Amino acid sequence: MAEGQQHPLKIYLWIWLLLFIISFFSYMVDYMQVQGMLRWTLILIFMLVKAGLIIGIFMHMKWERLALKMAILGPPVAILVLIALMSMEGGYIEGSRLEHYGESTFVPEAVPHHE
């Protein structure tokens, strides 16, 4: 876009309407009392779609250079990947401890109450 040129207002109105529609579906997940993994999957999908629209259009990220997009969006994506890897490793470590040591029989003692 040329310097000083503004985006058409129509784009912002369509995105605004789309955000309301996605929010409606997000609220319907609660209203319909969806349970379990489906509930959290739908909530996360709607959240990510809304965040993507807000970042892309209202924060003008759609019109930025690829280098700037990577500089802003790269670190959070890397952190999420590392969190996922640590989560998988934590499950492996817990499983190997249980396999090696068995279930814990430790019962903490009651702490005396002092007045």
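The values are calculated or read from the model by the stated rules, or taken from the named source; none is laboratory data. Quick caveat: nothing in here was measured; it's all calculated off a predicted structure. Cβ sites come from the backbone with ideal geometry, for glycine too, and all protein chains shown count toward neighbours.
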Which of the following residues is at pLDDT 85 or above and of a type in the set (V, I, T): I55, I72? I55
Has segment 34-46 got at least one residue that is in contact (Cβ under 8 Å) with a residue 24 or more places away in the chain, of a type in the set (S, T, N, Q) and out of contact with any His (no Cβ under 6 Å at 6 or more places or on another chain)? no
